[in-house]
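Some notes on the structure that comes next.
Laboratory data are not the source of any read-out in this text; all were calculated from the coordinates shown. Being a predicted model, the structure only gives us computed values, none of them experimental. As a convention, Cβ positions derive from the backbone with ideal geometry for all residues, glycine included, and neighbour counts pool all protein chains shown.
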């Protein structure tokens, strides 16, 4: 009571509230859109193992930012949100350590290579990577849905998982997305348990995104700090919730969610690519 009395003797409640409102009004409304975008994107990505790039890019494109700024902002923000997501998945026991070690190094190397090539070759060439990836992931999404409605999906050994991680990391940086849709979809389509696939891929994603973000930072620098801050805060808030959802949802429900998300995202990318010719 004494401390409170001393504080409010120098800072009256009304004056303090007015200062708080004034600071709140100075915040760009775009920040709150980015906060919502980061929260929604990480909630989906942390629970289903994919979707952060798709959702974030869709919302950021509506703000009028150029593609280069969007790519840099998303990778920088995703570095923090994927770190919170990976830590949460680890705490909840959703990580397969052997699979993590297999995916880690190739994924990081692929991400760094993709970011460097994007800088030197330009984003125009990266646009041709997305249609091929979209066709592949759409077929995987259909396969996942088919497996979801089978009585039992036999688990098979995933061959060349390191090459898969390298390709996913490369496409994530060079093509603007692909780590979640490619790696998560392929592993689940082989009959792996979605909970551990999503948790392991999410933890690995932090290191993959870190490599990509640092490369973009060195080559391009960082801009649009308010956009990045909104994505980071929203993503960090959603990460524990998404990890808890991944550990509680039923396997069939998760497979249906992943399959539907992959198909919708793939069709959206293909329609967008086709529309560019008309």
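Placing pseudo-labels 7 Å out from each Cα toward the beta carbon at residue 149 and residue 226 gives an inter-label distance of 4.8 nm.
Counting neighbouring Cβ atoms within 10 Å and putting the fewest first, the residues 76, 204 line up as 76, 204. Sort region 162-218 into rounded, prolate or oblate with this rule: let a ≥ b ≥ c be the square roots of the eigenvalues of the Cα gyration tensor; rounded if a/c is under 1.5, and if a/c is not under 1.5, prolate when a/b is larger than b/c, oblate otherwise. Here region 162-218 falls in the prolate category. Rounded to two decimals, the Cα radius of gyration of region 31-275 over 2.2 N^0.38 Å is 0.91. Cβ crowding within 10 Å, taken as a proxy for footprinting-reagent exposure, orders 52, 120, 136 from fewest neighbours to most as 120, 136, 52.
Working from Cα pairs under 8 Å separated by at least six residues, relative contact order for region 31-275 is 43 percent.
Taking the number of Cβ atoms within 10 Å of each Cβ as an exposure proxy, the fewest-first ranking of 34, 245 is 245, 34.
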